[in-house]
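Below: the structure, in structure tokens.
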Amino acid sequence: MRWGTTVRNAACAALMATTMAATTSAEPLPSQLAGTWRITRVLPTKNTACWSSEQAQPLVGSTLTYGNKTMRWRGGPVPLEDINTRQVTDKEFRKENDGADFEQLGIHSPKVMEVDLQHEDADITGASTEVPGDSILLVAPGRIVVSACGVYFEATRGGTQKATAHK
């Protein structure tokens, strides 16, 4: 086999391995997030947002459904490429989110789990290519806080308490 062919084959194998690794979830969806949630209200914060209250308000009353491989909010399924979780403190959250803090979001714990869902850009709302609900704070067993474009929404369990995750 010629040297050029060997290098080309090795490069193709490395590219395939990298692509496969990039599309495999690093972490499973936290079980307390799986299922259906109903957006109950817009949370008032003092941070900068790229949506107006007129753009955010129509999302109240809509539902989010989270599974291991997809999430849903209005425009249909959004395939998930990766799921990342971490514990975040109020200080870290305020620094990373332009001044929004736990007090404004009604969070009374010193730290909460943040879930970041990775996916392709999608036009769910028509206001941006950001997918609402792809950044989640697990606040309590029946309460999460989700964000989109700097606007924070409270969501509570919708439908049955033990909804099953999408496979």
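The values are calculated or read from the model by the stated rules, or taken from the named source; none is laboratory data. What you see is a predicted model; the values in this text were computed from it and never measured. Virtual Cβ from ideal backbone geometry, glycine too; neighbours counted across all protein chains shown.
Spot the failing condition for E92; the list is (1) more than 22 Å from S31 (Cα to Cα); (2) buried (at least 17 other Cβ atoms within 10 Å of the Cβ); (3) charged (D, E, K, R); (4) modelled with pLDDT of 95 or more, and only one is missed.
(2)
Considering only residues that are surrounded by fewer than 14 Cβ atoms within 10 Å (Cβ to Cβ) and within 12 Å of G133 (Cβ to Cβ), which ones fall in region 60-84?
G75
Filter region 60-78 down to the residues that are in a loop (DSSP other than H, G, I, E, B) and within 22 Å of F93 (Cβ to Cβ) and list them by number.
Hits for region 60-78: nothing passes.
Can you spot a residue in region 106-117 that is at pLDDT 95 or above, of a type outside the set (A, V, I, L, M), assigned to a helix (DSSP H, G or I) and out of contact with any Asp or Glu (no Cβ under 8 Å at 6 or more places or on another chain)?
no
List every residue pair whose Cβ atoms lie under 8 Å apart, where the two residues are 6 or more positions apart in sequence or sit on different chains, the first residue falls within region 133-148 and is basic (K, R) and in a loop (DSSP other than H, G, I, E, B), and the second residue, located anywhere, is modelled with pLDDT of 95 or more and buried (at least 22 other Cβ atoms within 10 Å of the Cβ).
none
Being of a type in the set (V, I, T) and either in a strand (DSSP E or B) or closer than 16 Å to D134 by Cα (or both) is the filter here; which residues of region 28-59 pass it?
Filtering region 28-59 for residues of a type in the set (V, I, T) gives 36, 39-40, 42, 45, 48.
Of everything in region 28-59, those that are of a type in the set (V, I, T) and either in a strand (DSSP E or B) or closer than 16 Å to D134 by Cα (or both) turn out to be T36, I39, T40, V42.
From the list V115, V78, V42, V88, pick out the single residue that is within 14 Å of E154 (Cβ to Cβ) and either in contact (Cβ under 8 Å) with a residue 12 or more places away in the chain or not hydrophobic (A, V, I, L, M, F, W, C) (or both).
Matching residue, one of V115, V78, V42, V88: V42.
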